[in-house]
Amino acid sequence: MLLTTPKWAKRLLRGSASTTLMNDIGLPFILLATAFALLVFALCLMGVRRFNLRRALGTVDASICTAGKSWQMGVCRYQDNDLEWFRLVSLSVRPKHTFRRSSLELLGRRKPTESELLKVQPDAVIVELRYEGQQVLLAMRFDAYTGLSSWLEAGPVIGVGTWR
């Protein structure tokens, strides 16, 4: 028994009109598969970014609200002289907000209001800060708040040191 090439394969190789069926079905499929692969790749990159942010020392989950805008979920990272805040859903490796330690003033903490309860993480306290004259609100767990207040208090006293 001889093996022969099927007729449809011969027509495809010759470039007959039957290739339009492949173009009609194949092109949208390829475009959708590419878009799906890019989406999966972006989600994987965000997961790796989140893992690397949380793996570093001095990071806490914290939502932020600046200048009366809406709450945004993210991660705070303590540096030597800066408090950096990164968006939770982003591919950027740069912080969205950077607050100089010397310009941050801790005003206090409070429980979330009724309207804030739906927008911040459960069991969060609202930390009220002032940065260069503007109010900044951070929502974080109480143990993260104690770490933030300790980090702010541990800086040099005004008039002593290099950054205040």
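The values are calculated or read from the model by the stated rules, or taken from the named source; none is laboratory data. Note that the coordinates shown come from a computational prediction; the quantities given were computed from them, not determined experimentally. Don't worry about glycine lacking a Cβ; one is built from the backbone with ideal geometry, like all the others, and counts go over all protein chains shown.
Below are the figures for this structure:
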quantity	calculated
Restricting the stretch 84-112 to residues that are outside any loop (DSSP other than H, G, I, E, B) and either at positive phi or of a type in the set (Val, Ile, Thr) (or both), the residue that is surrounded by the most Cβ atoms within 10 Å (Cβ to Cβ)	Thr98
The lone exception for Gln135 - which of (1) over 14 Å from Tyr78 (Cβ atoms); (2) over 23 Å from the mean Cα position of the chain (by Cα); (3) modelled with pLDDT of 90 or more; (4) not aromatic (Phe, Trp, Tyr) it fails	(2)
Failed item in (1) part of a strand (DSSP E or B); (2) modelled with pLDDT of 90 or more, with Val60 passing the rest	(2)
Unmet criterion (only one of (1) free of Cβ contacts under 8 Å to residues at least 12 places away in the same chain; (2) over 12 Å from the mean Cα position of the chain (by Cα)) for Arg94	(2)
Qualifying residues in the stretch 131-152 (those that are under 16 Å from Thr98 (Cβ atoms) and either touching a Lys or Arg at 6+ places or on another chain (Cβ under 9 Å) or not hydrophobic (A, V, I, L, M, F, W, C) (or both)) - the one surrounded by the most Cβ atoms within 10 Å (Cβ to Cβ)	Val136
Residues that are hydroxyl-bearing (Ser, Thr, Tyr) and at pLDDT below 80, drawn from the stretch 6-54	Ser16, Ser18, Thr19, Thr20
Unmet requirement for Gln79, which otherwise passes all of (1) under 13 Å from the mean Cα position of the chain (by Cα); (2) at pLDDT 80 or above; (3) closer than 14 Å to Arg94 by Cα	(1)
